[in-house]
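Below: the structure, in structure tokens.
What follows is calculated from the coordinates using simple rules that are stated; it is not laboratory data. Computed from a prediction, not measured in an experiment: that's the story for all the values here. Cβ coordinates were reconstructed from backbone atoms using ideal geometry, including for glycine residues, and neighbour counts include every protein chain displayed.
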Amino acid sequence: MQGFFYKVSSAMARFMYGRNGTDQLNWAILVVYLILWVLRTVVSLLQVPFAATVIDVVMLLLAIALLWRTFSRNLPKRRAENQKFVNWWWPIKSRFSAAKARRADKEHKYFTCKNCKTICRVPVGKGKIVITCPKCGHQIEGRS
Ligand SMILES: [Zn+2]
């Protein structure tokens, strides 16, 4: 049995050699696919007309894209696609994690400047205050 699994795994390794395999973009496609799969279940329960068909088509396209990208031998092209995706996703992701960190921070209160959208941090418990935006000098009134 052990020999069998070894043969299968080395055959797989040989098959995947020189192919793209899993990258961040493929993970993202998989996540979107799973979200749609859940959505598809909800939609069919609610019997929304056309929605199920649309989701089916999108899911099929995603599955094709995922398989295509996984087994593709055109590595420079796949890496370029992945890089494009990472460049797009990274700022979104860091904005999310920054928001999460701000929520977890109980020592400070955060104000967003209405003028330039800079986030200003002040210690909690100062009462009513006027914050001057360090970037544009706009004044924000708040309570901390
Ligand atoms: Zn400002």
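So here's what we get for this one:
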| item | result |
| --- | --- |
| Positive-pole candidate from 45, 119, 132, dipole of the chain, charges at beta carbon | 132 |
| Axial C-alpha extent at least 27 Å, average Kyte-Doolittle at least -0.5 - helices from the chain (DSSP) | 24-46, 51-71 |
| Loop-exposed chymotrypsin sites (Phe, Trp or Tyr not before Pro) per DSSP, neighbour cap 13 Cβ within 10 angstrom, longest uninterrupted part of the chain | 51-144 |
| All aspartates and glutamates inside 17 Å of residue 126 as judged from Cα atoms, apart from same-chain residues fewer than 8 positions distant | 105, 107, 141 |
| Length-normalised contact order for the chain - Cα pairs under 8 Å, 6+ apart - percent | 18 |
| Kirkwood-type radius of region 3-144, with distances r between different C-alpha atoms, in Å | 19.9 |
